[in-house]
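The values are calculated or read from the model by the stated rules, or taken from the named source; none is laboratory data. Please read these numbers as outputs of a predicted model, since none were measured by experiment. A quick note on method: Cβ atoms are made from the backbone with ideal geometry, for glycine too, and the neighbour counts reach across all protein chains shown. Keep in mind that these areas ignore ligands, DNA and RNA; they rest on the heavy atoms of the full protein, side chains included. Shrake-Rupley method; radii C 1.70, N 1.55, O 1.52, S 1.80 Å.
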4 protein chains.
Amino acid sequence: MQVELDRRKPGHGPTGTPRKESDTVHLLSGVYEGVTTGTPIAFYIANENQHSRDYGNLAEVFRPGHADWGFFKKFNGIRDHRGGGRSSGRETAARVAGGVIARKILEPYGVSIRGACVELGGIGLPEHTVLELDGARSRPYCAAHDSLPPLWDAAVSEARKAGDTLGGVVRIEANNVPAGLGEPVFDKLQAVLAHAVMSVGAVKGFSVGEGFGAAKLRGSQNNDPLYPAQPPRPGGACFASNHAGGILGGISSGQHIIMHAAVKPIASIATVQHTVDKKGRAAEVQVGGRHDLSAIPRIVPVLEAMVALTLADALLLQCRMGSIDISCHA
Amino acid sequence: MQVELDRRKPGHGPTGTPRKESDTVHLLSGVYEGVTTGTPIAFYIANENQHSRDYGNLAEVFRPGHADWGFFKKFNGIRDHRGGGRSSGRETAARVAGGVIARKILEPYGVSIRGACVELGGIGLPEHTVLELDGARSRPYCAAHDSLPPLWDAAVSEARKAGDTLGGVVRIEANNVPAGLGEPVFDKLQAVLAHAVMSVGAVKGFSVGEGFGAAKLRGSQNNDPLYPAQPPRPGGACFASNHAGGILGGISSGQHIIMHAAVKPIASIATVQHTVDKKGRAAEVQVGGRHDLSAIPRIVPVLEAMVALTLADALLLQCRMGSIDISCHA
Amino acid sequence: MQVELDRRKPGHGPTGTPRKESDTVHLLSGVYEGVTTGTPIAFYIANENQHSRDYGNLAEVFRPGHADWGFFKKFNGIRDHRGGGRSSGRETAARVAGGVIARKILEPYGVSIRGACVELGGIGLPEHTVLELDGARSRPYCAAHDSLPPLWDAAVSEARKAGDTLGGVVRIEANNVPAGLGEPVFDKLQAVLAHAVMSVGAVKGFSVGEGFGAAKLRGSQNNDPLYPAQPPRPGGACFASNHAGGILGGISSGQHIIMHAAVKPIASIATVQHTVDKKGRAAEVQVGGRHDLSAIPRIVPVLEAMVALTLADALLLQCRMGSIDISCHA
Amino acid sequence: MQVELDRRKPGHGPTGTPRKESDTVHLLSGVYEGVTTGTPIAFYIANENQHSRDYGNLAEVFRPGHADWGFFKKFNGIRDHRGGGRSSGRETAARVAGGVIARKILEPYGVSIRGACVELGGIGLPEHTVLELDGARSRPYCAAHDSLPPLWDAAVSEARKAGDTLGGVVRIEANNVPAGLGEPVFDKLQAVLAHAVMSVGAVKGFSVGEGFGAAKLRGSQNNDPLYPAQPPRPGGACFASNHAGGILGGISSGQHIIMHAAVKPIASIATVQHTVDKKGRAAEVQVGGRHDLSAIPRIVPVLEAMVALTLADALLLQCRMGSIDISCHA
């Protein structure tokens, strides 16, 4: 669990904040002698390196691009302004921890989940580049290809000088997902995956397979023909392509599930911004703190975790029926 | 209710099927003397113009791009092949009916929801075109602008000759949504909207505000500065722009909620496709039936309904707290 | 399904109404070629023998002992007074139909559910009488013992003359339930069973095992000692008694689950009662209609169905974990 | 919050254990400057006086009357035997804390919830005794009447000598509950109350109003006639009696809600009991520890809390509809 949490924790990498936190997990319940007991797993991560003064000047104004305003309206002006509360990125540590358990449920079925950044600050890859997801974890920016980090270094360096921040796009793949997961109507697999991924702060878009690109294709281009499994067997089939991204009619097809998430630039920029204060008066705000320059790459293990949790749920739902079948994967 | 259902029903418009269905609603419960009684609203729409033979040849093979394969795997080979069952577009009639009720909950708050098609077959609008959503309902294709239908007519005509189908992009706006809707963590407003919209068959992508475009912006470009409401008042503010699309930190900001959905081309194309049969043998399939050339524009009232249902839920959740406030809308 | 629905339908037995209804099921969806398809099972039972005039005089007053008053307050005076709506016993037909499916899930595990009436109009059995539940279905009143119907005939005859109604107690046993069902905290097995059984109209009390009698026992009397299974095996045990009624700490123990439900007398009595009308004025009401003299025995298949649905849920939840074990049953 | 938790904590009263725990609450989140912020309220109560050795000898055997056996079967033999885990009474501290918040939601509506013990070790009150619930909090055993503690002292003293334990019955009243709470079918108010109350360990039975006594009454006795409110007004009514216990057809009637819960004797008795060990061999167990002689009266604030939480839920659900009306209360 600590390994995954370390991928998420602040204070490392080219887009990172200088704020160091150890994110050490203190388990309170649910694990005994090395195995889960069925009891809820509760843990505690102390907020070690929090300077309250960093947030003191933000008690009276609303930071643009942040949840401050919505929370103020939602909760009738009652607001704990320190550090963003539930809209802080710290909240995602629990998601990552949950994802570790979810992966343990998925592993016996061969399901693995890998994320990588494919775009940062508007800089992506030429079309038809073959991605190298396996190496992403060890690359700077969790980049999907060796060619990306040098390009991104320049953009990051320039944005840092300008006191500005960058957004990007994360690709997440779930490999070897059995066919048959997902519910037919309201809880289609892409719907619950969208729910999970878009519940992560900063995500503004989600797509499966060709996504918005599918809108430009014709049916004859977008359909994935089936052909016999090798060796042929009843109910056995493979696909000639994967435009669908592994989900058809809301149900997993047995192909890899391919998803993309659009990540907005971090709202905490260093320059002065116009805003209003609680009394409705014009004000200026300069967000001090020590903030990341981009949610990328720290958001990658969080998105992977949300996909893992969603697929583990879908798998457990389907397992009740005793009908998991692992087909060939195109 | 019948008005909205007529927007969804088959058999009209340039992309429509020649299959005519009246989609007449027979109410079974829930309405008495013109008002809802609190009892579940049940209704029945008879499947009037269904030729069973249209589907007879599909009992043994899997149609590419359809849910056939996933359902076959999910339900251990038990399959009612007639008409797609729950993965048929007919299922969406109930969503539209539900949306009509949801709009009645939203109306007293001034909330209105409008959808329009902004792209078909890859043909969209030049950047910075001002949309004309109000007229969309009365335009062919439910198009977002007068300039689009002529361009799309040509593409549709050409695709029809080729026996092919088209996808597109739908924009949905929710106007005058009060600030404060949505839950802070797992049920962020964009997450439940994504869940709802992506539960509609054929939707492969969803975004809020700048969406995937936000990934290319800098924080200083993407943040929406606040300025005092006119006249100024405590807790009053407006926004200088709406890159966020009306949601910040998962909570509605009081601005219009702007969403886009990517709609894939209809999988039922007229040409012969490669597939396999239930025994796993190579086969060919030609989908007869009388199918639409595009889910656009029939999908528009369905997506509007899903947004209406989601916002009505969020509004009722928040109303419990007695804190609805309707701010100015940029 | 029709067999179970016939046990519930009106118009038969010593406590029955003369109102005859065939309760014929018209399946709308979910079953194809004799098996369920995974699609929701929808069916329609026409209300064949309903005289609207029976209820016409009830539009303006509230019947004592009925839901009229609560519904009037809940729905701000909007009320469809015809036949009780969702608070009518007709609603339970759907429960019985659902229970038939639930039993099909339970059967492969050997689980069977049997209900019987143990008390009517205050007349029960001498303590320590051995019940004969197997014969209950074919006895009048679904009585738990051959000695009961003659005693109850006299009470029913006398109540009928007085225009009055009777309550009673139903015992439900779930036999061969595997150990390990139920959730440890808020969804303890007795809690979800209580929820299910007390959601049936007219049920005013629910108990498991010794129930209210357990409050009078000492720990040394109420505890059920364990002894080795025959033949002994790891994790094998039987119980010397079953005061707990098959549930310990919210989890099924592998023993038979023993439940009792208190059923109030039918509120629709033939005599004149004091009440008020919608305008708050004193009024009298005489409930015409053709009503049962007791919910017993028609309520028995309904309670059985609710127990079956609840146990099927619990079983499917536990099956995910792959750990169903069927122990010996005391 | 601490006040209510102190009512629940161990180590006081005539049935108490000598185990002293301070049950001091350490708030982790959700409260800022004296008000709740909308963030989940997390708190931590340290287990201060836990002798691990008390439980050491219980690792290999199953205690009769406890959840040990069910948990062992449920979780495939994986078991943290220390202190009962989630089946320990300690779990109820969180319920009491939640109830404190729920009461704050109910208070503005005038709703109050009071519990009292009406039976201990089989010793109750003569029929028709007028209860004195207001004084219960300050009486030993949280007794419902001044005459009870002396009678119970003798029973407790005798049971303590025998190393045995006692059960009892708790009455809970919810006063001034508005009419209209509860859902009409599966979530009838009595059903969700039953769920909540029977989710508390040791509760084996639950009833509303006359409960099992209603089964012995006739309709003409059990119905509660309505009469005009004073002064008369549209939709105004009072009831001549309250046999229903404040719920009709699953909906609150505006009368006081009267409930009873049967509490079994504590399973941890001091005498030697027969059982089996994990290997399925006959064994003996003597539960050392320092256990209460009865769950009464410590269970009272827990049951009150569960009722408060359930009613607060029902009230918030109904408030959405803007139709709370507080009638006169018989």
Checked against (1) under 30 Å from D:CYS238 (Cβ atoms); (2) open to solvent by 40 Å² or more (accessible area, probe 1.4 Å), C:ILE105 satisfies every condition except (1)
Note on the range B:113-133: residues open to solvent by 40 Å² or more (accessible area, probe 1.4 Å) and either of a type outside the set (Val, Ile, Thr) or assigned to a helix (DSSP H, G or I) (or both) are B:ARG114, B:LEU125, B:PRO126, B:GLU127, B:HIS128, B:LEU131, B:GLU132
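Taking into account only those residues within the range D:137-147 that are in a helix (DSSP H, G or I) and touching a helix residue (DSSP H, G or I) at 6+ places or on another chain (Cβ under 7 Å), which is most open to solvent (accessible area, probe 1.4 Å)? Break it down stepwise before answering.
Here is the first cut: in the range D:137-147, the residues in a helix (DSSP H, G or I) are D:137-138, D:140-142.
Narrowing further to those that are touching a helix residue (DSSP H, G or I) at 6+ places or on another chain (Cβ under 7 Å): D:140-142.
Details: D:PRO140: 66, D:TYR141: 4, D:CYS142: 12 Å².
If we take residues in the range D:137-147 being in a helix (DSSP H, G or I) and touching a helix residue (DSSP H, G or I) at 6+ places or on another chain (Cβ under 7 Å), then D:PRO140 is most open to solvent (accessible area, probe 1.4 Å).
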(1) β-branched (Val, Ile, Thr); (2) assigned to a loop (DSSP other than H, G, I, E, B); (3) out of contact with any His (no Cβ under 8 Å at 6 or more places or on another chain); (4) closer than 26 Å to C:CYS117 by Cα all hold for C:ILE266 apart from (3)
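In the set D:ALA143, D:ALA162, which member is more than 23 Å from the chain's Cα centre (by Cα) and of a type in the set (A, V, I, L, M)? Break it down stepwise before answering.
On the way: D:ALA143 fails: more than 23 Å from the chain's Cα centre (by Cα).
Being more than 23 Å from the chain's Cα centre (by Cα) and of a type in the set (A, V, I, L, M) holds for just one of D:ALA143, D:ALA162, which is D:ALA162.
Out of the residues in the range A:59-73 that are part of a loop (DSSP other than H, G, I, E, B) and at the interface with chain B (Cβ under 7 Å from one of its Cβ atoms), which is farthest from the chain's Cα centre (by Cα)?
Restricting to residues being part of a loop (DSSP other than H, G, I, E, B) and at the interface with chain B (Cβ under 7 Å from one of its Cβ atoms), the top hit is A:PHE62.
Among the residues of the range D:220-233, which ones are open to solvent by 30 Å² or more (accessible area, probe 1.4 Å) and without any contact (Cβ under 8 Å) to a residue 12 or more places away in the chain? Walk me through it before giving the result.
So the first thing to find is which residues in the range D:220-233 are open to solvent by 30 Å² or more (accessible area, probe 1.4 Å), and the list is D:220-221, D:225, D:227, D:230-233.
Listed by number, the residues that qualify are D:SER220, D:PRO231, D:PRO232, D:ARG233.
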If you go through B:LEU166, B:LEU217, B:LEU151, the only one that is among the aliphatic types (A, V, I, L, M), open to solvent by less than 10 Å² (accessible area, probe 1.4 Å) and at pLDDT 95 or above is B:LEU166
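Conditions tested, residue by residue: (1) more than 7 Å from chain B (Cβ to nearest Cβ); (2) out of contact with any Cys (no Cβ under 8 Å at 6 or more places or on another chain).
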| site | (1), (2) |
| --- | --- |
| A:GLY182 | yes, yes |
| A:VAL185 | no, yes |
| A:ARG218 | no, yes |
| A:TYR227 | no, no |
| A:ARG233 | no, yes |
| A:HIS243 | yes, yes |
| A:LEU248 | no, yes |
Filtering the range A:269-293 down to residues that are within 28 Å of A:THR15 (Cα to Cα), part of a strand (DSSP E or B) and facing chain B (nearest Cβ under 7 Å) yields A:GLN273, A:HIS274, A:THR275
C:ALA202 vs (1) of a type in the set (A, V, I, L, M, F, W, C); (2) within 10 Å of another protein chain (Cβ to nearest Cβ); (3) open to solvent by 50 Å² or more (accessible area, probe 1.4 Å): all pass except (3)
Exactly one of A:GLY236, A:GLY249 is open to solvent by 10 Å² or more (accessible area, probe 1.4 Å) and of a type outside the set (Asp, Glu), and that residue is A:GLY249
Note on the range B:155-180: residues more than 8 Å from chain A (Cβ to nearest Cβ) and not in a loop (DSSP other than H, G, I, E, B) are B:ALA155, B:VAL156, B:SER157, B:GLU158, B:ARG160, B:LYS161, B:VAL170, B:ARG171, B:ILE172, B:GLU173, B:ALA174, B:ASN175
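Hey, can you tell me all the residues within the range C:74-97 that are open to solvent by less than 20 Å² (accessible area, probe 1.4 Å), within 13 Å of another protein chain (Cβ to nearest Cβ) and not in a loop (DSSP other than H, G, I, E, B)? Give the derivation first.
Looking only at the range C:74-97, we keep the residues that are open to solvent by less than 20 Å² (accessible area, probe 1.4 Å), and these are C:74, C:83-84, C:88, C:92-93, C:95-97.
Pick out the ones that are also within 13 Å of another protein chain (Cβ to nearest Cβ) and you get C:74, C:83-84, C:88, C:92-93, C:95.
C:LYS74, C:THR92, C:ALA93, C:ARG95 - these are the residues of the range C:74-97 that are open to solvent by less than 20 Å² (accessible area, probe 1.4 Å), within 13 Å of another protein chain (Cβ to nearest Cβ) and not in a loop (DSSP other than H, G, I, E, B).
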Review point. Would you say A:LYS104 is modelled with pLDDT under 95 and of a type outside the set (A, V, I, L, M)?
Key: yes
When (1) at pLDDT below 95; (2) under 30 Å from D:THR36 (Cα atoms); (3) buried (at least 22 other Cβ atoms within 10 Å of the Cβ) are applied to D:GLY110, the one that fails is (3)
Check the range B:322-329 and report whether any residue there is modelled with pLDDT of 90 or more and within 10 Å of another protein chain (Cβ to nearest Cβ).
no
